[in-house]
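Below you'll find the structure, written out as structure tokens, and then a few comments.
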Amino acid sequence: MSSFFNWWVIILTLGNIFACLWLIWWSTKRRPGEAAMGEVTGHTWDGDLEEYNNPLPRWWLYMFYLTIVFGLVYLALYPGLGNFKGVLGWSEVGQYNQEMKQAETKYAPIYAAYAKTPIPQLASDNKAMATARRIFLANCATCHGSDAGGAPGRGFPSLSDSSWLYGGSPATLVETITKGRQGAMPSMAAAIGGPQGVKEVANYVLSLSGQPHDAALAKQGEPKFKTVCGACHGANGKGSAANGIAGIGAPNLTDSFWLFGGSLAAIERTITHGRSGLMPAWGDRLGADKVHLMAAYVYSLSQ
């Protein structure tokens, strides 16, 4: 915050507080010619509705003063006046770090114990998986869904089936969660013969998963798919993981789950313009022990 806005906030805040104090004092003082306490003021409405000169009850008035005092004490102790950090030096970052340190002290031994158990064995531990699910919901469900079913058409894969972009072994899952993944499919339109080739290959892709398609176009697209697309997806279209092509992340085209949509138009758009996807690395945020637990949870979803 600049020096100008620092003083802008300080002056506005304190000015309003002291203005309220002055207003209370001014409104409670007696004025010349004012009616005596408890007598009518001379103001009349609707013919016979009169106003009496009755001041605020003292307890109510003192509550206003106490509120002002509370506000001044609070602003002295905690941030609220521009760049002034308060006498106590409190901050939301410091509070967060303190709570995280307390949680780490309390829960670190639990995660450390889980980390000593092999992932396939840990995946069958119901208590451990209940803990892992809470971590999953807090960190992963935004993209993959609370049921880990992914988001068809939006590029977030399902974690509950056996179709893995990069492989579903325990070691691979740990690597994926720790380091993240960067997936990219380039535009393939030029490589397969332009718009006509895109239609042919798109219809062949539809045929791989048993969806309605143009058989004649699919027949024309088959050799193009196997020659160009098979390098990543495999000649059988089952994806890089199923065909032992490590690290590519090409999805299985023979199932019913489509990362970016499985309609003819969506497939043609994918082939023409390409696709890209990113899963961020979670290693630094979760730590090795929690990553191990999360890998076991994801592993359990497809077993």
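Every number here is computed from the coordinates shown, using simple stated rules; none is lab data. Note that the structure is a prediction, hence the values are computed from the model and not measured. Methodologically, a virtual Cβ is constructed for each residue, glycine included, from the backbone with ideal geometry; neighbour enumeration extends over all protein chains shown.
In debye, nearest 20, what is the charge dipole magnitude of the chain about its Cα centre with +1 on Lys and Arg Cβ and -1 on Asp and Glu Cβ, if you could check?
Its charge dipole is roughly 1100 debye.
Through the Karplus equation 6.51 cos²θ - 1.76 cosθ + 1.60, θ set to phi - 60°, convert the phi angles of region 64-72 into ³J(HN,Hα) values in whole Hz; use x for Gly and Pro.
4, 5, 5, 5, 5, 4, 4, x, 5
Between Lys29 and Ala246, with labels modelled 7 Å along Cα→Cβ, what's the label distance in nm to one decimal, could you check?
Computed distance between label sites Lys29 and Ala246 equals 8.6 nm.
Using a simple spin-label model with points 7 Å from Cα along the Cα→Cβ vector, what separation in nm is obtained for Leu137 and Asn83?
According to this spin-label approximation, the distance is 4.4 nm.
Non-local amide H neighbours of Leu253 (under 5 Å, H modeled in plane, Pro and chain starts lacking H): which ones?
Here the answer is Lys238, Gly239, since their amide H atoms fall under 5 Å of that of Leu253.
Tell me, what ³J(HN,Hα) does each residue in region 133-145 have, in order and in whole Hz, if you take phi through Karplus 6.51 cos²θ - 1.76 cosθ + 1.60 with θ = phi - 60° and put x for Gly and Pro?
4, 5, 5, 4, 5, 6, 10, 10, 5, 4, 9, 8, x
Starting at the first residue of region 102-109, write each ³J(HN,Hα) from the Karplus equation 6.51 cos²θ - 1.76 cosθ + 1.60 with θ = phi - 60°, in whole Hz, x for Gly and Pro.
Here the 3J(HN,Hα) series is 5, 5, 5, 4, 6, 9, 4, x Hz.
Scan region 99-207 for chymotrypsin sites (Phe, Trp or Tyr not before Pro) in coil per DSSP, keeping those whose Cβ has at most 10 other Cβ atoms within 10 Å, and list them by number.
Passing both the DSSP loop test and the Cβ count: no residue.
Using the count of nearby Cβ atoms within 10 Å as a rough guide to exposure, how do Glu50, Glu92 rank from fewest to most?
Glu92, Glu50
Using Cα springs under 10 Å in a Gaussian network model of the chain, which residue among Trp26, Trp282, Trp90 shows the largest mean-square fluctuation?
In the Gaussian network model the winner is Trp26.
Going by how many other beta carbons lie within 10 Å of each one, how would you line up Tyr78, Tyr299, Tyr62, fewest first?
Neighbour counts put them in this order, fewest first: Tyr62, Tyr78, Tyr299.
Quick check on region 3-77: take the gyration tensor over C-alpha atoms, sort the square-rooted eigenvalues as a ≥ b ≥ c, and tell me if it's rounded (a/c under 1.5), prolate or oblate.
prolate
If you average the C-alpha positions of region 1-75 and of region 208-265 separately, how far apart do those two centres end up, in angstrom?
Centre-to-centre (Cα) distance: 75 Å.
For the chain, what is the convex hull volume of its Cα atoms per residue in Å³?
299 Å³
List, in the order given, every pair from Lys85/Lys290; Lys101/Lys127; Lys85/Lys106; Lys179/Lys199; Lys29/Lys85; Lys116/Lys179 whose Cα-Cα distance in the structure shown is over 28 Å.
In this structure, Lys85/Lys290; Lys85/Lys106; Lys179/Lys199; Lys29/Lys85 exceed 28 Å between Cα atoms.
Any chance you could give the angle, 0 to 90 degrees and rounded to 10, that helix 194-208 forms with the longest Cα principal axis of the chain?
The angle comes out at about 90 degrees.
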